[in-house]
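These notes are about the structure you will find just below.
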Amino acid sequence: MIYFDNAATTLQKPEGVEEAVIRALRSAGNAGRGAHEPTLAASRLLYHTREKLAKLFGVSDPSRIAFTGNATEALNMAIQGIFRPGDHVITSVCEHNSVLRPLYLMGERGVALSFIDVDDKGRLRYDLMEELVRKETKALVLTHASNLTGNVTDLERAAAFAKKYGLLLVVDGAQSAGILPVSAEALGIDVFCFTGHKGLMGPQGTGGIYVREGLEIAPLKVGGSGIHSFDHDHPKAMPEHLEAGTLNVHGIAGLGGALHYLSEIGTEAIIKKERSLIKRLEDQIRDLPNIHLYGNPDSNQRVGILSFNMGDEDSAYVADWLFEEEEIAVRSGAHCAPLMHETLGTKMQGAVRISVSHKNTEEEIDRTANAIKKLSQLLE
């Protein structure tokens, strides 16, 4: 099987991930809940993984990173924990439902929303941002990379805009963490949300949120923390402030193993390989008579994602054919990106998404290109 659904979750994990999970299953207790060796082992494991994440994301204080179950939980923490009735938030039509649905929920509670549009290639219209600013605008909430088109947001430009108008910058890094370089403090990112099972190549059920020093987020949930047990309120200090309950220590151990692997090869090598693979595929299929490609034509402005349709054929049929006939696993449908589909005119058809990993090969790309050519001929 050729696996091209890495934007949903990576399948080929580094060997160190499984090994780290097994070690933790055999040795890690509940972090912060005692002073015996198993609980201390769990605490050390969490701290070292926090350190690795801080280094990867350009964060000087590891305690500003709290663990979550995924990017969705982290984004809900940020959106529900920062905004209040009367606030105004600027976001974009590129966003995943993990951003949109929490924002819609806050809209029902009195938070006003505005959306930055895109051009016909799904690229953000940065020139339209200024006209959306109001006196009550509090934040700019943007994805770092679209899970549908793969288009990369210019975070330097977004950060400069946020700084100019005194706005918070909240970034959804679900499709960029571990793939694109991120310097949160240098850029001035206030909140960076990420998941562990995609570009970071860790287990599902892991993720986190970086919150800059001085910004307080109301916790999404409260309860046990292992400290200040007699206080009525949940602890205010990070990371415990956002980490109520027992953490997924075993999964975080696997994430730590993946981060060790990533530190050895580096994000620059990863994005270079993935962009090379996507360009190789695009070059072979772009001139097919019934193909329609989405996203920035410059593959250097995308992550390793290429979405397409074939004529008026339903995207689910194309994806099913590729798997059933050629054993190529891709994703079809709406990809939890409804506003982008509406903008691209693909609401009913959806799109076929190929998302690569740096572990994929040129041979797999060529086999996939040949399969798409074969289907193109069958559909003529």
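The values are calculated or read from the model by the stated rules, or taken from the named source; none is laboratory data. Since we're looking at a predicted model, the values are computed, not measured. We place every Cβ from the backbone using ideal geometry, glycine too, and count neighbours over all the protein chains shown. Ligands, DNA and RNA are stripped out before the accessible areas are found, and what is left, the full protein with its side chains, is counted by its heavy atoms. Shrake-Rupley method; radii C 1.70, N 1.55, O 1.52, S 1.80 Å.
The table below lists the values:
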read-out: Criterion violated by Ala337 - all others in (1) among the small types (Gly, Ala, Ser); (2) surrounded by 20 or more Cβ atoms within 10 Å (Cβ to Cβ); (3) closer than 20 Å to Glu364 by Cβ satisfied; value: (3)
read-out: Flag if Ala54 is under 15 Å from the mean Cα position of the chain (by Cα) and more than 20 Å from Val133 (Cα to Cα); value: no
read-out: Members of the range 55-87 that are hydrophobic (A, V, I, L, M, F, W, C) and free of Cβ contacts under 8 Å to residues at least 60 places away in the same chain; value: Phe83
read-out: Residue satisfying all of: in the range 356-380; farther than 18 Å from Ser276 by Cβ and basic (Lys, Arg); least open to solvent (accessible area, probe 1.4 Å) among these; value: Lys373
read-out: In the range 275-307, the residues that are of a type outside the set (Lys, Arg), under 18 Å from Glu364 (Cβ atoms) and open to solvent by 10 Å² or more (accessible area, probe 1.4 Å); value: Ser276, Glu282, Asp283, Gln284, Ser299
read-out: Members of the range 43-79 found to be open to solvent by 50 Å² or more (accessible area, probe 1.4 Å), over 20 Å from Val182 (Cβ atoms) and touching a helix residue (DSSP H, G or I) at 6+ places or on another chain (Cβ under 6 Å), listed by number; value: none
read-out: Residue count, the range 25-41 (criterion: crowded, with 21+ Cβ neighbours inside 10 Å and either touching a strand residue (DSSP E or B) at 6+ places or on another chain (Cβ under 6 Å) or under 25 Å from Thr10 (Cβ atoms) (or both)); value: 1
read-out: Considering residues of the range 97-119 that are within 22 Å of Gly333 (Cβ to Cβ), touching a residue at least 60 places away in the same chain (Cβ under 8 Å) and of a type outside the set (A, V, I, L, M, F, W, C) only, the residue surrounded by the fewest Cβ atoms within 10 Å (Cβ to Cβ); value: Asn97
read-out: Verdict on Glu313 being within 18 Å of Ala66 (Cβ to Cβ) and either at pLDDT 95 or above or surrounded by 13 or more Cβ atoms within 10 Å (Cβ to Cβ) (or both); value: no
read-out: Yes/no for Asp314 being of a type in the set (D, E, K, R) and free of Cβ contacts under 8 Å to residues at least 12 places away in the same chain; value: no
read-out: Number of positions in the range 317-344 that are more than 30 Å from Ala258 (Cα to Cα) and within 24 Å of the chain's Cα centre (by Cα); value: 7
read-out: 3 or more residues in contact with a Ser or Thr (Cβ under 9 Å, 6 or more places away or on another chain) and at pLDDT 95 or above: qualifying helices (runs of 4 or more DSSP H) within the range 1-115; value: 37-57, 71-82, 97-108
read-out: Some residue of the range 222-235 being assigned to a loop (DSSP other than H, G, I, E, B), open to solvent by less than 60 Å² (accessible area, probe 1.4 Å), under 30 Å from Ala158 (Cβ atoms) and out of contact with any Ser or Thr (no Cβ under 7 Å at 6 or more places or on another chain); value: no
read-out: Qualifying residue in the range 318-332 (condition: within 28 Å of Pro181 (Cα to Cα) and among the aromatic types (Phe, Trp, Tyr)); value: no
read-out: Filter result for Tyr261 (surrounded by fewer than 22 Cβ atoms within 10 Å (Cβ to Cβ), under 30 Å from Thr368 (Cβ atoms), out of contact with any Asp or Glu (no Cβ under 7 Å at 6 or more places or on another chain) and among the aromatic types (Phe, Trp, Tyr)); value: yes
read-out: Filter result for Leu142 (in a helix (DSSP H, G or I) and in contact with a helix residue (DSSP H, G or I) (Cβ under 8 Å, 6 or more places away or on another chain)); value: no
read-out: Pair list, Cβ < 7 Å and 6+ apart or interchain, from the range 337-352 residues that are among the hydroxyl-bearing types (Ser, Thr, Tyr) to residues that are open to solvent by less than 50 Å² (accessible area, probe 1.4 Å); value: Thr343/Val93; Thr343/Val118; Thr346/Asn309
read-out: The range 198-219 - residue that is within 15 Å of Ser60 (Cα to Cα) and touching a residue at least 60 places away in the same chain (Cβ under 8 Å) and, of those, nearest to the chain's Cα centre (by Cα); value: Ile209
read-out: Filter result for Asp172 (acidic (Asp, Glu) and surrounded by fewer than 20 Cβ atoms within 10 Å (Cβ to Cβ)); value: no
read-out: Selection from the range 175-186 of residues that are surrounded by 14 or more Cβ atoms within 10 Å (Cβ to Cβ) and either in a helix (DSSP H, G or I) or within 12 Å of the chain's Cα centre (by Cα) (or both); value: Gln175, Ser176, Ala177, Gly178, Ile179, Leu180, Ala184, Glu185
